[in-house]
Amino acid sequence: MTGHACSRRALLRQGTLALGGGLASLSGNAADAHTPSNCADGEILGQGRFRYRARRLWGRLDPYKYPVRDCHGISEDREGRIVLLTNDTHNNLIAYSKAGSLSRAWEHRFPGAHGLDIVDHGGEDQYWITDHTRQVVSVCTADGAELLHVGPEALRAKYPDLSKYHPTNTATLPNGEFFISDGYGSSFIHHFDPKGRYISSFGGPGDGPEHLNIPHAVWIDTRSGKPLLLVCDRQHNALKWFSLDGRFLRSVDFGAMMLDDEPIAILPCNVAQLGGRFKDHLAIAGLWGMVVILDGADRVVSAVGGLPPTYVDEKLQQLVIFNYTFGHPHDLCVDETGAIYVAQWGSGRTYPIKLEPVV
């Protein structure tokens, strides 16, 4: 931003302005925050083996030709392209090379585009797009042909009032069954068969560990050899694991973290698995301005965008945000080199950021 110096307080306070008073009802329709200054490009973030150089300008495009509103989802396709999902209907999908050059931009049907999963189905990519405004999950080919459409009517047996259903994300199983998180509706997780027929639900609001409050994203965790469903329980500031039939198993509570000497929540939004020798590690997008690296023992080993994490008597202490790079990380994906690509909500219409490992 020409004529404005970098200020950690100013950059992070944009989040307070954008989110203030509305933490329980965040959506892609919120007002844009200020654009963080480009003077942060190249900032080194993280600790230990998980340090990254932030390439803030990696995904920048001509905003007149390829505008974005909120960069809600990001995933890698079979061709090795990084595919962004935005709720700007000029181009809901934008594909990049790993170097950050534009490969393709397409799709116009999703004003509430929020969740993106690209699934390899018999050697072909399936794009699972969740639109919380239209209340649909649409499974499409790379050319846009719709293979499956799951709208609110599929949940008529569960919801007397279908206006209470606003899906945010999906997770798929190899047998074709899938889960939908009702993150902006009634906080349930719904299980469907391969043809989109409703099976069951679990979660929902409440005070027990099995209950959820804005289950923002779901992900199939196969690290133990047995598939489990991991839920980013945003407003409980926790990750929660369930069996595939909906039994609560365990959770990781991130507690509070500090912003300008005030305790706030990380607000976990999405998860991605690291690869190689760190394939038991997870990267978590935290909406308040940080990416957290979790090891296979559920311990935070790097606060990417914060001061080093510490434990006292096996309890995670308050994390402290300290960076000029992030606004509100919303989703992420990890490539074969260990680079992390971050899509952001409400961050001044910024394009994706690439985090390159520092060796």
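Just so it is clear, none of the values below were taken in a lab; they were calculated from the coordinates. Values in this document were obtained by computation on a predicted structure and should not be read as measured data. Note that each Cβ is placed from the backbone with ideal geometry, even for glycine, and that neighbours are counted across all protein chains shown.
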Toward the positive end of the charge dipole of the chain, about the Cα centre and with charges on Cβ (Lys, Arg +1; Asp, Glu -1), which of Phe192, Phe242, Gly100 goes farthest? Gly100
Sort out for me the Cα centre separation of the range 90-105 from the range 261-286, rounded to whole Å. 24
Among Ser101, Ser251, Ser302, residue whose mean-square fluctuation peaks in a GNM of the chain (springs only between Cα atoms under 10 Å): Ser101
Which one, Arg156, Arg277, Arg69, has the greatest fluctuation when you compute a Gaussian network model over the chain with C-alpha springs under 10 angstrom? Arg277
For the chain, set up a GNM with springs between Cα atoms under 10 Å and report which of Tyr165, Tyr341, Tyr198 has the largest fluctuation. Tyr198
What is the projected area of the convex hull of the Cα atoms of the chain, averaged over all directions, in nm²? 17.1
Derived scalar couplings ³J(HN,Hα) [the range 194-201; Karplus, 6.51 cos²θ - 1.76 cosθ + 1.60; whole Hz; x for Gly, Pro]: x, 8, x, 8, 5, 10, 6, 9
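Regarding the range 146-250, what whole-number volume in Å³ per residue does the convex hull of its Cα atoms give? Spell out each step's value before the answer.
Working: hull volume 10.3 nm³, N = 105.
So the per-residue hull volume is 98 Å³.
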May I ask you to evaluate 6.51 cos²θ - 1.76 cosθ + 1.60, the Karplus curve with θ = phi - 60°, for each residue of the range 258-264 and list the ³J(HN,Hα) values in order in whole Hz, giving x for glycine and proline? 10, 9, 6, 6, 10, x, 9
Of the lysine pairs in the chain, how many meet both conditions: Cα atoms under 21 Å apart, and a spacing of 8 or more in sequence or different chains? 9
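With charges set only on the Cβ (+1 for Lys and Arg, -1 for Asp and Glu), what does the dipole of the chain come to about its Cα centre, in debye to the nearest 20?
On the way: 34 positive and 40 negative charges, 106 e Å.
My answer is approximately 500 debye.
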Once amide H atoms are built 1.01 Å from N in the peptide plane, which residues 5 or more positions from His121, or in another chain, come under 5 Å H to H? Gln126
Add -39500 (n - 2.57) for each DSSP H run of 4 or more in the chain, then divide by its residues: what number comes out at 222 nm, to the nearest 500 deg cm²/dmol? -1000 deg cm²/dmol
Separation of alpha-carbon centers, the range 329-350 and the range 216-240, rounded to whole Å: 19
Counting sequence-distant residues (5 or more places) and residues on other chains, those with an amide H built under 5 Å from that of Gln344 are Cys71, His330
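Tell me, what are the semi-axes, in whole angstrom and largest first, of the equivalent ellipsoid of the range 280-349 as set by the roots of 5 times the Cα gyration tensor eigenvalues?
Details: eigenvalues 91, 51, 15 Å².
Equivalent ellipsoid of the range 280-349: 21, 16, 9 Å, largest first.
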